[in-house]
1. Given the structure, is VAL313 closer than 22 Å to PHE447 by Cα, at pLDDT below 85 and not assigned by TED's automatic domain parsing to the domain that holds ALA218?
2. Can you list residue pairs whose Cβ atoms sit under 6 Å apart, with the first residue in the stretch 433-459 being at pLDDT below 85 and the second being basic (Lys, Arg) and surrounded by fewer than 17 Cβ atoms within 10 Å (Cβ to Cβ)? Count only pairs 6 or more apart in sequence or on different chains.
3. Hey, among LEU238, LEU207, LEU199, LEU228, which residue is among the hydrophobic types (A, V, I, L, M, F, W, C) and touching a Phe, Trp or Tyr at 6+ places or on another chain (Cβ under 8 Å)?
4. Which condition number does THR154 fail, the rest of (1) under 33 Å from the mean Cα position of the chain (by Cα); (2) outside any strand (DSSP E or B); (3) hydroxyl-bearing (Ser, Thr, Tyr) being met?
5. Restricting to the stretch 335-352, name every residue that is surrounded by fewer than 20 Cβ atoms within 10 Å (Cβ to Cβ), part of a helix (DSSP H, G or I) and not acidic (Asp, Glu).
6. Could you list, in sequence order, the residues of the stretch 158-200 that are within 30 Å of the chain's Cα centre (by Cα), aliphatic (A, V, I, L, M) and farther than 23 Å from SER234 by Cα?
7. Could you please let me know if LEU187 is surrounded by 15 or more Cβ atoms within 10 Å (Cβ to Cβ) and assigned to a strand (DSSP E or B)?
8. Considering GLY263, GLY235, GLY202, which residue is at positive phi and at pLDDT 90 or above?
Amino acid sequence: MLGTLLKPDYEKLIRDKDWKSLRSEFAQLDPPDLAEILEEFPLQDSAVVFRILPRDSAAVIFEYLPLDLQTKLVQSLADEQLVNLLNGMAPDDRTRLFEELPPEVTKRALASLTPSELKIARQLLGYRENSAGRHMTPEYVAVRPTMSAAEALTYIRKHGRGSETLNVIYVTDDKGKLLNDLKLSTLVMADPSTKVQDLDDGQLYSLLASADREEVVAAFEKYDRVALPVTDTSGVLLGIITIDDVLDVAEAEATEDIHKLGGMEALDAPYIESSFFEMIRKRAGWLLVLFIGEMFTATAMSYFEAEISRAVVLALFIPLIISSGGNSGSQATSLIIRSLAIREMELKDWARVLRREVLSGLVLGSILALVGFIRVVLWPTRVAVYGPHFVMIGLAVAMSLVGVVLFGTVCGSMLPFVLRRLGLDSAAASAPFVATLVDVSGLVIYFTCASIVLRGIML
């Protein structure tokens, strides 16, 4: 909104090459607002702005830009500008940028880093993708347990300027092993002579560097912290993850799950920025799998060809039956996937979920069965459309709905547990996948019920 409003004024200053006025105008804006404005600029104008911005300001503003724009700017900036920009970025933000850059651009970007920053970048990039190690920053403040509160505060004033956050201070021994974390307010309010080790509240929570990003998000939700330390398996403090990073991680995880629930692979870039062929590649695989699954529906129908030929009216209800089962299964799988993702339940809860979903399936199926039966027997042209045995047809439809909805509900609720047990992403149990599975089984259930109810009457 702000960028759209101010864009014409700033573009005029750029065309007039009035750099002094432009710097003055930008100096009055907060970095997030200026980043919003730059998003509205053409790429060449954004590059010009970064050339005239002070080094420190440019790095801060750059971190607020979306990754796709960051990538384009890195490719367009001169070497000197790139050096200033990347060396001034926070290590965790820089790592996320490197993940998105083409290999040749990443190589150039790494070459622009100072030896110390290059060492940090290589360390973070060495961790597994989507792990806690990839999202942490080594910029934190750690004090020794033998320090007094006054000594600790003096140390923080001296060494805390480059820290990602000062809300939490970490306590480590001489070997770097994490002993405790303290709120800065605890140090400030403590008696100056009190030893740091005496301020331990016994509530230390940390993450392993190998932890998956889902575990990271769950830990922040559980412990309600603004930052969490990241350690190796021996407890040595490696870095910290702050809440702003977790928000980005949570957004990425939610986006990936939504894509999978839609029956496709997660996109690596925003929709608008994804190439046509990338979109086809991400969608075609799952679509082909689902298509092959649906082919079994034709096979199932051919098995009941005789029943259909003797009672053509049964074909009228096929879409109704299979869609009801698919809908109930989609509801169940969406609920369970979400609950597993946010740690509302664990694998051990499968039996409890099964009992609940069996009961839910029976009740939901009965509701649809009642409506379906009433629809058939009370339809004004029921005899002309369904024939003289419309009551029995309504009964067959009702029985089928109970069975199909029950099966769809149970299948949709249990499939995420099965996938999680196999070590796969439960989100792969997408709604289209469950619907396809239920389509085939729904036909079998429908015609089986019809054969039982209508045997000797129409079949």
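1. In short, yes.
2. That search, which allows pairs on different chains as well, returns LEU459/ARG310.
3. Values: LEU238 fails: touching a Phe, Trp or Tyr at 6+ places or on another chain (Cβ under 8 Å); LEU207 fails: touching a Phe, Trp or Tyr at 6+ places or on another chain (Cβ under 8 Å); LEU199 fails: touching a Phe, Trp or Tyr at 6+ places or on another chain (Cβ under 8 Å).
Exactly one of LEU238, LEU207, LEU199, LEU228 is among the hydrophobic types (A, V, I, L, M, F, W, C) and touching a Phe, Trp or Tyr at 6+ places or on another chain (Cβ under 8 Å), namely LEU228.
4. (1)
5. Selection gives LEU335, ARG338, SER339, ALA341, LEU347, LYS348, TRP350, ALA351, ARG352.
6. If the condition is that a residue be within 30 Å of the chain's Cα centre (by Cα), aliphatic (A, V, I, L, M) and farther than 23 Å from SER234 by Cα, then LEU166 is the only one that fits.
7. No.
8. Values: GLY263 fails: at pLDDT 90 or above; GLY202 fails: at pLDDT 90 or above.
Result: GLY235 is the single residue among GLY263, GLY235, GLY202 that is at positive phi and at pLDDT 90 or above.
The values are calculated or read from the model by the stated rules, or taken from the named source; none is laboratory data. Because the structure is predicted, anything quoted here is derived from the model rather than measured. Glycine gets a Cβ as well: all are built from the backbone with ideal geometry, and neighbour counts include every protein chain shown.
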